[in-house]
Amino acid sequence: MEWMYHLKLDNLFLINIFVIGQMILLSLFYASILKLKSQAKIVKCSLYFALLVLSVQFFIDPKQFLKFNLFEITLTSLLIVVFALLHFYNMLTEHKTYYYITIGIIFFMLGSTILYLVGNITLTLSKDVKYFSWTLNAFLFLIYQLVILYEWKISFSKKTVL
């Protein structure tokens with residue numbers, strides 16, 4: 001990304017690819033861990049519908065793929081949050097699988113989406129406020145990554161028996 005900055009190239013299309021890829025991978029993740037077939041089907045149908053909506057948007061206005069697309073970010077993030085909440089709801093009565101990842105996803109996606117949505121408002125504010133919002137987003141992402149690391153450690157590390 002930094003080399004694109006130095007070459008004065010726009011990197012927003014990479015953000016769009018990342019956001020769509022994140023939605024696809026996390027949707028498939030939640031579809032695979034949901035126990036009820038109907039819930040997994042809802043997740044997959046929602047994924048296909050979101051991809052269709054985004055495809056239509058990019059077909060109608062291809063320049064949206066090269067811009068900061070708030071609709072895309074909001075749609076993909078909130079869809080993932082809904083899937084995470086569905087899994088979280090199922091964990092109320094079941095064994096808690098991927099508990100911390102789900103909490104991290106809900107926390108990060110909601111916080112990040114809110115920061116992106118108010119990002120256009122911060123354009124008119126001081127540089128300190130803009131910097132604070134991006135720092136807060138980076139902090140949320142760091143917490144998200146640490147939660148994933150913790151989940152990985154407790155789920156997949158070898159347990160030693162004394």
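The values are calculated or read from the model by the stated rules, or taken from the named source; none is laboratory data. In this text the structure is predicted, and so the values were computed from the model without any measurement. In this analysis, Cβ positions are derived from the backbone assuming ideal geometry, glycine residues included, and neighbour counts consider all displayed protein chains. Areas reflect the complete protein model, heavy atoms only, side chains present, ligands, DNA and RNA absent. Shrake-Rupley method; radii C 1.70, N 1.55, O 1.52, S 1.80 Å.
Which residues, counting only those in segment 23-62, are in contact with a His (Cβ under 8 Å, 6 or more places away or on another chain) and either acidic (Asp, Glu) or in a helix (DSSP H, G or I) (or both)?
Hits for segment 23-62 are Tyr30, Ile33.
If I ask for residues that are small (Gly, Ala, Ser) and under 18 Å from Leu110 (Cα atoms), which ones from segment 51-78 would you list?
Ser77
Residue check: is Thr76 in contact with a helix residue (DSSP H, G or I) (Cβ under 6 Å, 6 or more places away or on another chain) and at pLDDT 95 or above?
yes
For segment 81-109, how many residues are closer than 17 Å to Leu146 by Cα and among the hydrophobic types (A, V, I, L, M, F, W, C)?
Here the count works out to 7.
Yes/no per residue for (1) among the β-branched types (Val, Ile, Thr); (2) touching a residue at least 24 places away in the same chain (Cβ under 8 Å); (3) open to solvent by less than 50 Å² (accessible area, probe 1.4 Å):
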site: Leu66; (1), (2), (3): no, yes, no
site: Leu70; (1), (2), (3): no, yes, yes
site: Asn90; (1), (2), (3): no, yes, yes
site: His95; (1), (2), (3): no, no, no
site: Tyr99; (1), (2), (3): no, yes, no
site: Ile114; (1), (2), (3): yes, no, no
site: Ile121; (1), (2), (3): yes, no, no
site: Trp134; (1), (2), (3): no, no, no
site: Phe139; (1), (2), (3): no, no, no
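Give the residues of segment 79-104 that are closer than 18 Å to Phe141 by Cβ and either basic (Lys, Arg) or modelled with pLDDT under 95 (or both), sorted by residue number.
Tyr100, Ile101, Thr102, Ile103, Gly104, listed by residue number.
For segment 15-46, how many residues meet the condition of being small (Gly, Ala, Ser), over 12 Å from the mean Cα position of the chain (by Cα) and open to solvent by less than 50 Å² (accessible area, probe 1.4 Å)?
Adding up the residues that qualify gives 3.
Kindly list, by first and then second residue, each pair from a residue in segment 2-21 that is assigned to a loop (DSSP other than H, G, I, E, B) to a residue that is modelled with pLDDT under 75, limited to pairs with Cβ atoms under 7 Å and residues at least 6 apart or on different chains.
Asn11/Met1; Asn11/Met4
Restricting to segment 23-48, and then to whatever is of a type outside the set (A, V, I, L, M, F, W, C) and touching a helix residue (DSSP H, G or I) at 6+ places or on another chain (Cβ under 7 Å), can you tell me which residue is nearest to Pro62 (Cα to Cα)?
By that ranking, first place goes to Ser46.
Going by what's in this entry, would Leu146 be described as among the hydrophobic types (A, V, I, L, M, F, W, C) and surrounded by fewer than 17 Cβ atoms within 10 Å (Cβ to Cβ)?
Here the answer is yes, as Leu146 does meet what is asked.
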